[in-house]
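Here's the structure we're looking at; comments come further down.
The values are calculated or read from the model by the stated rules, or taken from the named source; none is laboratory data. Fair warning: this is a prediction, and the values are worked out from it, not measured in the lab. Glycine gets a Cβ as well: all are built from the backbone with ideal geometry, and neighbour counts include every protein chain shown.
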Amino acid sequence: MSYMLQHLKNGWQVDQAILSEEDRVVIIRFGHDWDPTCMVMDETLYNVAERVKNFATIYLVDITEVPDFNKMYELYDPCTVMFFYRNKHIMIDLGTGNNNKINWAMEDQQEFIDIIETIFRGARKGRGLVVSPKDYSTKYRY
């Protein structure tokens, strides 16, 4: 479903997308359209895009085509989703140890919408780190 979502083709477009949005969360998926993990995540992003359009906007960035942010945001995973609000990177505590981004594919649409809502509410209050509604740590899975 990546062809249905807006792609950013260079570093300037990514900067402008983050800078220009004043009252919505900017969600950027860094990865490749051909990667199976990204395909699953893109499907989820496409399905939630219409429901979250009032408080979030979604973009896709190919990390080979736009390598400008790979070092800065440590984009070493096949698929990475990051959140920005008013030109500020919003971190989210998912219980995984990495608070900067989501680096796995989420299939549950409602779960992802809940995360976006949590980020939006926290970011509007001025928080730079919000706590996820669900703990994704693997320490309780046997």
Discussion item. Just checking, does the stretch 1-23 include any residue being of a type outside the set (Phe, Trp, Tyr), under 17 Å from VAL130 (Cβ atoms) and buried (at least 17 other Cβ atoms within 10 Å of the Cβ)?
Written reply: no
Worksheet item: Taking the stretch 1-41, which residues are in contact with a Phe, Trp or Tyr (Cβ under 9 Å, 6 or more places away or on another chain), among the acidic types (Asp, Glu) and closer than 18 Å to MET106 by Cα?
Response: ASP33
Response to the item:
For the stretch 94-137 the number of residues that are free of Cβ contacts under 8 Å to residues at least 40 places away in the same chain, polar (S, T, N, Q) and not in a helix (DSSP H, G or I) is 4
Discussion item. Checking the condition among the hydrophobic types (A, V, I, L, M, F, W, C), at pLDDT below 95 and touching a Lys or Arg at 6+ places or on another chain (Cβ under 7 Å), which residue from PHE55, PHE30 passes?
Written reply: PHE55
Worksheet entry | All positions within the stretch 102-127 that are over 15 Å from the mean Cα position of the chain (by Cα) and small (Gly, Ala, Ser) | GLY122, GLY126
Item to complete: Within the stretch 33-48, identify whether any single residue is at positive phi and in contact (Cβ under 8 Å) with a residue 60 or more places away in the chain, and answer yes or no.
Response: no
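Sort through PHE69, PHE83 and tell me the only one that's closer than 24 Å to ARG124 by Cα, among the aromatic types (Phe, Trp, Tyr) and either crowded, with 16+ Cβ neighbours inside 10 Å or touching a His at 6+ places or on another chain (Cβ under 9 Å) (or both). Talk me through it step by step, then tell me what you get.
Values: PHE69 fails: closer than 24 Å to ARG124 by Cα.
After applying the criteria, what remains is PHE83.
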